[in-house]
1. Would you compute, for the Cα atoms of the chain, the largest minus smallest coordinate along each principal axis and list the three values in descending order, in whole Å?
2. Please report, in debye to the nearest 20, how large the charge dipole of the chain is about its Cα centre when each Lys and Arg carries +1 at its beta carbon and each Asp and Glu carries -1 there.
3. Bin width 5 Å, origin at 0, all Cα-Cα pairs of region 143-281: what percent of pairs per bin?
4. Using Cα pairs closer than 8 Å and at least 6 residues apart in sequence, work out the relative contact order for region 131-263, in percent.
5. Stretch A104-R19 to full length: gain in nm at 0.36 nm per residue minus the Cα-Cα span?
6. Any idea what Rg and Dmax come out to for region 164-239 if you just take the C-alpha atoms, in Å?
7. Among G102, F128, G184, which residue has its Cα furthest toward the positive end of the charge dipole of the chain, with +1 on Lys/Arg Cβ and -1 on Asp/Glu Cβ?
8. Please give the per residue accessible area of the chain, computed with a probe of 1.4 Å over protein heavy atoms only, in Å².
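The values are calculated or read from the model by the stated rules, or taken from the named source; none is laboratory data. For clarity, every value in this text was computed on a predicted model and none was experimentally measured. Ideal geometry is used to build each Cβ from the backbone, glycine not excepted, and the neighbour counts take in all protein chains shown. In case anyone asks, the SASA skips ligands and DNA or RNA and just uses the protein heavy atoms, side chains included. Shrake-Rupley method; radii C 1.70, N 1.55, O 1.52, S 1.80 Å.
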Amino acid sequence: MKVVRTKVELRAELAEPSRRGESIGLVPTMGALHEGHLSLIRAARDACDVVVVTLFVNPTQFGAGEDLGAYPRDEAADEARAEAEGVDFLFAPPVDEMYPEGFATTVEVSGVTEVLEGAPEHRGPEHFRGVTTIVAKLLNVVQPDAAFFGQKDAQQAVVLRAMARDLDFPSRIEVLPTVREPDGLALSSRNSYLDPEDRIRAAALSRALRAAEDSAATGETSLERILDAARGQLAEAGIEPEYLEARDAEDLTPVAALNGRPVLIAVAARVGPARLIDNTVIEG
């Protein structure tokens with residue numbers, strides 16, 4: 001595995017595999033690699049000839065007062081994990097490599113970035129502006145056949161698919177299932193913020209989603225009643241969600257009842273110092 005710090009060097013490294021017609025897989029990450037990230041790397045390794053993993057804590061997707069400074073970073077451990085998974089190139093640029101002086105361009109996807117995480121009372125639409133801008137840059141630099149993301153960030157996946165479609169990126173956006181702990185907690189780098197007591201409470205997010213699934217499985221079609229089942233699990237753990245919403249899984253429009261289309265049940269909540277998100281998709 002080779003660690004690369006600049007766009008010019010990475011393009012030079014990928015030129016020959018591209019000329020040979022080898023497929024390239026991209027796994028964008030902010031580091032602090034865990035089994036969720038490794039599942040994406042393994043999928044890329046299985047599907048592609050060359051695998052590029054990025055380590056970049058993207059400052060433009062963090063708002064004022066968010067945890068940019070505290071976000072977990074351990075590049076040495078990340079390098080070891082990536083190399084063990086057979087990654088070919090680890091792209092770990094400094095901030096000024098991705099955002100040089102005078103940088104003035106952003107990418108914005110309207111219609112799916114103003115709700116849930118993008119709502120002004122939550123992370124705000126500037127969060128996704130930062131995500132889409134950095135992912136567009138990475139797709140341009142790497143020119144991958146496929147880029148791999150996790151379902152835990154379900155809204156992000158919707159946004160990135162819309163961006164790739166609208167801007168004619170040739171890369172496939174592959175979304176893989178959420179990887180969970182045995183008690184259901186979705187793997188996240190921010191789980192490291194949890195103390196033992198909060199770690200136990202945090203599992204209520206996945207229990208809430210399972211309660212919603214179970215409610216739908218009984219034949220319930222009212223999404224308000226389905227969400228009530230989820231709220232009950234959160235209340236038992238003393239968790240007040242920032243949001244718990246039902247949205248069309250493809251375009252994120254609000255829905256009131258199961259109607260034959262997949263429905264995304266998304267939740268965000270603070271548990272101790274950690275802000276956690278999770279979701280499930282109920283087939284309509």
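1. Taking max minus min along each principal axis of the Cα atoms, the chain gives 56, 40, 39 Å.
2. Computed charge dipole of the chain: roughly 280 debye.
3. Bins of 5 Å from zero give 2, 10, 19, 20, 18, 14, 9, 5, 2, 0 percent of pairs.
4. Worked out over region 131-263, it gives 17 percent.
5. Between A104 and R19, full extension yields an extra 27.4 nm.
6. Rg and Dmax of region 164-239, Cα atoms, are 16.5, 47 Å.
7. Checking the options against the dipole of the chain, the answer is G102.
8. On a per-residue basis, the chain sits at 45 Å².
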